[in-house]
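Note sheet for the following structure.
The values are calculated or read from the model by the stated rules, or taken from the named source; none is laboratory data. The shown structure was predicted, so the numbers you read here are calculated from the model rather than taken from an experiment. Virtual Cβ from ideal backbone geometry, glycine too; neighbours counted across all protein chains shown. Heavy atoms of the whole protein, side chains included, go into the accessibility calculation; ligands, DNA and RNA do not. Shrake-Rupley method; radii C 1.70, N 1.55, O 1.52, S 1.80 Å.
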Amino acid sequence: MKYQGPRGTRDFYPAQMAWRNTLTSAWRKVAIRNGFEEIDGPTFELLDLYKVKSGEGIVSELFHFEDRGGRELALRPEFTPTLARMVAAEANSLPRPIKWFCIPNCCRAERPQRGRLREFLQWNADVIGSDQPVADAECIFLLVDLLAELGLRPEHVHVKISHRQTVRHILAKLGVPEDKMLAAFDLLDRRDKLQPAEFTAGAAQLGLDTFAVERFEQMCRRKYPADDLAHLCRSIGLDGHLKDLEILNEQLRAFGITPWCEYDLGIVRGLAYYTGVVFEVHEVSGAERAMAGGGRYDQLIELFGGPSLPAVGFGMGDVVLTNVLYDKGLIPENVLPSPDVFVVPASEQAVPRITPLVAELRRQGIHARFSYKTTLNVGKLLKEASTVQAAYALILDDRSAGGIVSLKNLRSGEQRDLPLSEVPAAVMRNK
Ligand code: HAM
């Protein structure tokens, strides 16, 4: 009997695991150099935590179950509710602003498709305790810093920025009543996933007629470069409603990232807790699902029993990011860890020296390997060393009894004799 993994999950063989580690290392390195500290929480929470404020979209995709005591639990579909719970519990003892990041796995019972799986990794970064636009800008800078670290450029990806209050204002003018606003955000966020008829029916339920939907679609289709906010104000007739975006714009300019950013009122975000600026990262052709999404959520910590603490942050998944990097040729061919040195016996006498030597090299922090084969065929052993992409082969013949060995650089082919004691330094120099 053969078993398959559950739908929408992945097995990580060494090559995939090596890429996952490369990605998580980049996430971690970039978050740390931007001043964020790492946290984590449980893989599952009480179901209610997600029902409070994540919104219909996420609640309908929860993997939930009951424990033996009848408590209803759910696998985490996102990290923000856990973060809000953690902050609320320790709010008075935490130095502010709180700048945290984490790399949890998340589970959503979504229909698996390109860019969307049922288990994925999600890099989260959040700033809690500041209502200043510099915090929003720092989150966006962090995203851009990561994209650039992985080799992406503004011609590949954009950060699309919008504001819930601006969209709310437009929707209100088009006739959406206040009590249907969250449902309208959810519907708009899902519009690419819905059939046109489903979307129109949903819009009608919210009080929008066909004309109003068309008008909104027109506004959403237009994009405004980050240095052209005034144009956006004029074209939607919203002078005075964009103060937050104007201040944010100044910050983005100061961080030097305006070429990566554009304003796009089509971004509303499906999650219910956002209150202000919202943003998503998209591949420019628009062919891929969102690579990252986030925004300001100033009321969530209070809702979880903490003090009133403004917050802003984002989540970036590994799936679409990897697809985009792959398409742009930005994934290195081999990210498997390769040995610094492969030790090769070239005489019967040298064989018993191999294992103690490998052990000593490893104790010194050198990635050292040897073959399990019992051959003295140096050509074959060098081939094995090349296959695993070793940087050097360390060849031991009869002279190794007197402490002399041969070090072959497998990239340049250059080979030289040297005292065994000098090998670690020679290998480390080129590491
Ligand atoms: P989200 O938009 O639901 O936001 O997810 C953020 C990102 O996670 C998406 O842009 C995508 O890269 C990835 N993602 C989401 N669902 C899937 C899936 N089924 N398969 C693969 N990747 C997926 C949030 O989760 C918010 N909690 C982010 C946040 C943090 N807001 C403030 N702080």
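Descriptive notes on the structure:
- Measuring nothing but protein heavy atoms, the accessible surface of the chain at 1.4 Å probe radius is 51 percent carbon and sulfur.
- Between LEU146, LEU271, LEU410, the GNM of the chain built on Cα springs shorter than 10 angstrom shows LEU410 fluctuating the most.
- Filtered trypsin sites (Lys or Arg not before Pro), segment 358-387: DSSP coil and at most 14 other beta carbons within 10 Å: LYS373
- With protein chains left intact and a 1.4 Å probe, residues in segment 341-429 average 55 Å² of accessible area per residue.
- Helix axis angle, 133-149 relative to the chain longest principal axis, alpha carbon, degrees: 40 degrees
- Phi angles of segment 400-407 translate, via the Karplus equation with coefficients 6.51, -1.76, 1.60 and θ = phi - 60°, into HN-Hα couplings of 5, 4, x, x, 9, 10, 10, 10 Hz per residue; Gly and Pro are given as x.
- Acute angle (nearest 10 degrees) that the helix 318-327 long axis makes with the longest principal axis of the chain, alpha-carbon atoms: 70 degrees
- Estimated [θ] at 222 nm from DSSP helical runs (n ≥ 4, -39500 (n - 2.57)) normalised by residues in the chain, nearest 500: -11500 deg cm²/dmol
- Our summary gives segment 341-429 a relative contact order of 31 percent, counting only alpha carbon pairs under 8 angstrom and 6 or more residues apart.
- Loop trypsin sites (Lys or Arg not before Pro), segment 92-169, which have at most 14 other Cβ atoms in a 10 Å radius of their Cβ (DSSP): ARG114
- Helix 243-255 vs. the chain, principal-axis angle (Cα, 0 to 90°, nearest 10): 20 degrees
- Overall form of the chain per C-alpha gyration tensor (a/c, 1.5; a/b vs b/c): prolate
- With every protein chain in place and a 1.4 angstrom probe, the accessible-area ranking of LEU396, LEU382, largest first, reads LEU382, LEU396.
- Heavy-atom surface of segment 181-300, accessible at 1.4 Å and reported per residue (Å²): 45 Å²
- Share, in percent, of DSSP beta bridges within the chain that are antiparallel, nearest 5: 80 percent
- Electrostatic dipole magnitude of segment 341-429 [Cβ: Lys, Arg +1; Asp, Glu -1; Cα centre; debye, to 20]: 300 debye
- Each Lys and Arg adds +1 at its Cβ and each Asp and Glu adds -1 at its Cβ; summed about the Cα centre, segment 285-417 shows a dipole of about 380 debye.
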